[in-house]
């Protein structure tokens, strides 16, 4: 059985407390990647969130389109969208660079949905007061046997398509409820 570290390279995020903020308008401006961004990237949607930004001359770790990112806070992973290219990611996140034996979308599916992996995460959290995963825990995850790369690609695509479809249905239901409530409010005035 392979460990995640056998098929993935890890790049930790920039320690936020070490970033020296400057107030020089010529300094590079970075937007922080956060949990709402991860949630949006997972379902392929964009919601309007006000992300924290920082100007700094420090060398910081940033994201690129199609990077796989893992949250040490939530234990969720996703693939970074084009809209979030260049975002700065902090020590609460780890960039995962899969080798040619594992498809990025399939990797996200495994980390988010596989029962063997979920069980390993739960065992690692037992007795812990702070629900935060460690890089060591993530690196040592035991992976189930993976199907062929072609099958991985299909599974990964289906997974992301299903999440997007589910999110769109939820959004439609919210809009319908909002419209219905507005009509009921109007009808109750007469």
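Read-outs: derived from the displayed coordinates by stated rules, not from any lab. All values derive from a computational prediction rather than experimental measurement. Positions of Cβ are backbone-derived with ideal geometry, glycine not excepted, and every protein chain shown enters the neighbour counts.
A simple packing score, the average count of other Cβ atoms within 10 Å per residue, orders the peptides 40-48, 100-108 as 100-108, 40-48, with the highest score first.
Shown here: semi-axes √(5λ) of the Cα gyration tensor in Å, derived from the displayed model; of the candidates [x] 31, 26, 17; [y] 46, 20, 13; [z] 21, 20, 19, it corresponds to [x].
Starting with the highest mean, order 23-31, 179-187, 156-164 by the number of other Cβ atoms within 10 Å, averaged over the residues of each peptide.
On the way: 23-31: 12.2, 179-187: 9.4, 156-164: 15.4.
For the peptides 23-31, 179-187, 156-164, the packing ranking is 156-164, 23-31, 179-187.
With the simple model of a label 7 Å out from the Cα in the direction of the Cβ, residue 35 to residue 188 spans 3.2 nm. A Gaussian network model of the chain, with springs between Cα atoms under 10 Å, assigns the largest mean-square fluctuation among 178, 56, 65 to 178.
By the gyration tensor of its Cα atoms, with a ≥ b ≥ c the square roots of the eigenvalues, what is the shape of the stretch 88-190: rounded for a/c under 1.5, prolate for a/b over b/c, or oblate? Prolate, since a/c reaches 1.5 and a/b exceeds b/c.
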